[in-house]
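Undergrad: Structure below; questions to follow.
The values are calculated or read from the model by the stated rules, or taken from the named source; none is laboratory data. Predicted model, so just to flag it, every value in this text is computed and none were measured. Cβ coordinates were reconstructed from backbone atoms using ideal geometry, including for glycine residues, and neighbour counts include every protein chain displayed.
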Amino acid sequence: MMLFGTAQSSAGFSGPAKSVYAALQSEDSVKINEQLAAVEGSSMKEKEAYAGALTMKKSGLVKSGLEKLSLFKKGRTRLEASIKQDSSNVEYRFLRLLIQEHVPDFLNYHSKKSEDAKLIRESYNKLSAELQQLIKDYSRNSKVLKPEDFQK
């Protein structure tokens, strides 16, 4: 489940967010586990959303089908709870879109793609420069976001 087309997508971020997005881009379960542990031990406001996304990413890298499904459900629950608590948080919606665009169809986790993409497009100019760059980079390989959506 490669989420970004380039390894440089998190380059503009600093601190914990940079590490989270770097891990989400990775196919390295050790890196994902390390970042998940760091997020779990933090007190950042994005903790639940980041942990949820990382857990869902991790689910795609384990061997056992039952473990994949269990991890995915745990991660989904955490990310969805974060979104429910702060439905206008564009970064949380972007995290969900990243996952939705890359999970297998049988997981039935695709229904909010259009809604999330719309919010991202509408809110783009209000986002931090770092998140704008990440979204722009992601849009090069997205099916629902396009680079032209973000021309200034």
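Undergrad: Do we have LYS113 as buried (at least 17 other Cβ atoms within 10 Å of the Cβ) and not acidic (Asp, Glu) here?
TA: Spelling it out, LYS113 is indeed buried (at least 17 other Cβ atoms within 10 Å of the Cβ) and not acidic (Asp, Glu).
Undergrad: Another question about this same structure. Does SER88 qualify as being of a type outside the set (Asp, Glu), touching a residue at least 12 places away in the same chain (Cβ under 8 Å) and crowded, with 20+ Cβ neighbours inside 10 Å? Spell out how you get there, then give the answer.
TA: Details: of a type outside the set (Asp, Glu): yes; touching a residue at least 12 places away in the same chain (Cβ under 8 Å): yes; crowded, with 20+ Cβ neighbours inside 10 Å: no.
It is false that SER88 is of a type outside the set (Asp, Glu), touching a residue at least 12 places away in the same chain (Cβ under 8 Å) and crowded, with 20+ Cβ neighbours inside 10 Å.
Undergrad: While we're on this one: Go through the stretch 67-81 and give me each residue that's among the small types (Gly, Ala, Ser) and more than 14 Å from the chain's Cα centre (by Cα).
TA: Once the filter is applied, which keeps residues that are among the small types (Gly, Ala, Ser) and more than 14 Å from the chain's Cα centre (by Cα), the stretch 67-81 yields SER70, ALA81.
Undergrad: So, one more: So in the stretch 26-56, with the set limited to residues that are surrounded by 13 or more Cβ atoms within 10 Å (Cβ to Cβ) and β-branched (Val, Ile, Thr), which one is nearest to LEU79 (Cα to Cα)?
TA: THR55
Undergrad: Of the residues ARG93, ARG76, which is crowded, with 20+ Cβ neighbours inside 10 Å, closer than 21 Å to LYS146 by Cβ and not small (Gly, Ala, Ser)? Show your work before the answer.
TA: Working: ARG76 fails: closer than 21 Å to LYS146 by Cβ.
The unique qualifying residue is ARG93.
Undergrad: Report the residue count in the stretch 118-148 for those that are touching a Ser or Thr at 6+ places or on another chain (Cβ under 6 Å) and part of a loop (DSSP other than H, G, I, E, B).
TA: The total comes to 2.
Undergrad: Sticking with this structure for a sec: Give me the pairs, please: first residue somewhere in the stretch 8-37 and more than 18 Å from LEU95 (Cβ to Cβ), second residue anywhere and modelled with pLDDT under 95 and of a type in the set (Ser, Thr, Tyr), beta-carbon distance under 9 Å, and either six or more positions apart or on two chains.
TA: Once the first residue is more than 18 Å from LEU95 (Cβ to Cβ) and sits in the stretch 8-37, its partners that are modelled with pLDDT under 95 and of a type in the set (Ser, Thr, Tyr) give GLU34/SER19.
Undergrad: For the stretch 34-117, which helices (runs of 4 or more DSSP H) that fit wholly inside it have 3 or more residues that are polar (S, T, N, Q)?
TA: 65-85
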